[in-house]
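The values are calculated or read from the model by the stated rules, or taken from the named source; none is laboratory data. These numbers come from a predicted model, not from an experiment. All Cβ positions, even for glycine, are placed from backbone atoms using ideal geometry, and neighbour counts span all protein chains on display.
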Amino acid sequence: MEFSSITFSFFLIFTGAAVFASIALYTRQPLIIAYIALGTCIGPYGLSLVTDTKLLSDIGHVGIIFLLFLLGLDMQPQALWATLRKSTVVAISSSALFVAAGFGVTALFGYSLQDSLIVGAAMMFSSTIIGIKLLPTTVLHHRHIGELMIGLLLLQDLLAIFILMALFSASGGAEGMGTSLLYTVLALPLLIALALLFVRFLLLPLIRRFDRFHEYIFLLALGWCLGLAELAVLLGLSAEIGAFIAGITIATSPIAQYIAVSLKPLRDFFLILFFFSVGAQFNIGALAQVLAPALVLSILILTLKPVAYRYLLKGVSEHRSLAWNLGFRLGQASEFSLLIAYVAVGGALISEQASLLIQATTIITLLISSYIVVLNYPTPIAISERLRRD
């Protein structure tokens, strides 16, 4: 048997996930914790049973793409536009506050100016997966809190794209960075225009003509989602943005709900791989080097984000209970934070310790935030029957 094969890796991951998930359910723990813990145990920094975490991370990223595609399928363009206008002030104000907080803590522990700036930038984002995965479907798609969350997360995704482009372009100097950022700004409306034209003149006619063949509709949806995601990447945007645009452009089609239901099991398959890879890529043995700043920064993020969102949302006329609810659901660092850490250290823009600090803070806040939400708010995986909502 080839123990390093992808088949054997999948066997270990999904069999292990079933075992860890069973333990989590019996001990009334969130399932996301089980997947991250499994990655830590059998990944390269644990028992080293699964070593190709880069491949698994890339595969798991498909789960995030499908997640954003499904979100787009359930959003009406008019409602999204109204929500984005209200979310802009909150997103920009909160991002500036979180950058300042991350910068201050990192600088306090003696990190360099550049390390502190990049760590601060990584702290401005909240997790798309935690936020959306733990929000009940009916609440996400048909209530105001779902619209607000999507608006805030999409604006954060756009900010993340600019930061990643800046990091990728840093080696080219200020002129190269400016050109790349301008290219990104122009690419978004171009992508939307191309998507609308393609849907109107090709995709919707095909759906109307062959909507009786469900297998064909399923394949067409997969091709459209992944195709626009790849086009977005080619234009300098993120695959997540492309997938969301792919979903929202066909949201008015009568077949949209069938596509959404069909893709959910596929999405969950890839998301398990994503959370496994998060745990597997974290070097727990080196945690002692950054433990003190990671704990301080994690506590600050877990407390500051809910409070900041509560007051900022209240300032734009949202109810207090909704503001607290949304604040706690977005009260963590993000998978984009991990990506910033990997890109920055790969380009020698930050030290290994600063990258490890971002990773440690992200994982700690993901874990604790999951517990806070699952134990106190309605979620599809709530431990309490009273709070469990699909």
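Among the residues of segment 316-368, those that are farther than 22 Å from L117 by Cβ and in contact (Cβ under 8 Å) with a residue 40 or more places away in the chain comprise V316, E318, L322, N325, L326, F328, R329, L330, G331, L366, L367, I368.
Exactly one residue out of L312, L297, L237, L226 is more than 30 Å from R85 (Cα to Cα) and in contact (Cβ under 8 Å) with a residue 12 or more places away in the chain, and it is L297. Would you confirm whether or not segment 117-129 contains a residue that is buried (at least 17 other Cβ atoms within 10 Å of the Cβ) and more than 22 Å from the chain's Cα centre (by Cα)? Taking every residue of segment 117-129 in turn, none turns out to be buried (at least 17 other Cβ atoms within 10 Å of the Cβ) and more than 22 Å from the chain's Cα centre (by Cα).
Being touching a helix residue (DSSP H, G or I) at 6+ places or on another chain (Cβ under 6 Å) and of a type in the set (S, T, Y) is the filter; apply it to segment 254-283 and report the residue that is nearest to L67 (Cα to Cα). Within segment 254-283, the match that is nearest to L67 (Cα to Cα) is S262. When segment 183-217 is limited to residues that are at pLDDT 90 or above, within 23 Å of L266 (Cβ to Cβ) and of a type in the set (F, W, Y), the one that is surrounded by the most Cβ atoms within 10 Å (Cβ to Cβ) turns out to be F198. Does A308 meet the test of being farther than 30 Å from L186 by Cα, at pLDDT 85 or above, under 21 Å from the mean Cα position of the chain (by Cα) and surrounded by fewer than 22 Cβ atoms within 10 Å (Cβ to Cβ)? For A308, the condition - farther than 30 Å from L186 by Cα, at pLDDT 85 or above, under 21 Å from the mean Cα position of the chain (by Cα) and surrounded by fewer than 22 Cβ atoms within 10 Å (Cβ to Cβ) - is met. Listed residues P265, P254; which is closer than 28 Å to L38 by Cα and free of Cβ contacts under 8 Å to residues at least 60 places away in the same chain? Sole residue among the options that is closer than 28 Å to L38 by Cα and free of Cβ contacts under 8 Å to residues at least 60 places away in the same chain: P265. Taken over segment 42-58, the residue count meeting the criterion of being among the hydrophobic types (A, V, I, L, M, F, W, C) and surrounded by fewer than 18 Cβ atoms within 10 Å (Cβ to Cβ) is 3. Taken over segment 329-348, the criterion of being surrounded by fewer than 20 Cβ atoms within 10 Å (Cβ to Cβ) and either among the hydrophobic types (A, V, I, L, M, F, W, C) or in contact with a Lys or Arg (Cβ under 9 Å, 6 or more places away or on another chain) (or both) is satisfied by V343, V345, A348. Just one of the listed residues (G151, G120) is over 22 Å from Y342 (Cα atoms), small (G, A, S), touching a helix residue (DSSP H, G or I) at 6+ places or on another chain (Cβ under 7 Å) and at pLDDT 75 or above, namely G151. The number of residues in segment 318-360 that are in a helix (DSSP H, G or I) and either within 22 Å of S57 (Cα to Cα) or not polar (S, T, N, Q) (or both) comes to 29. Looking only at segment 137-145, decide whether some residue is modelled with pLDDT under 75 and not in a helix (DSSP H, G or I). Within segment 137-145 (the criterion being modelled with pLDDT under 75 and not in a helix (DSSP H, G or I)), the answer is yes, since at least one residue qualifies. Taken over segment 23-55, the criterion of being free of Cβ contacts under 8 Å to residues at least 12 places away in the same chain, among the small types (G, A, S) and under 23 Å from K133 (Cβ atoms) is satisfied by A24 alone.
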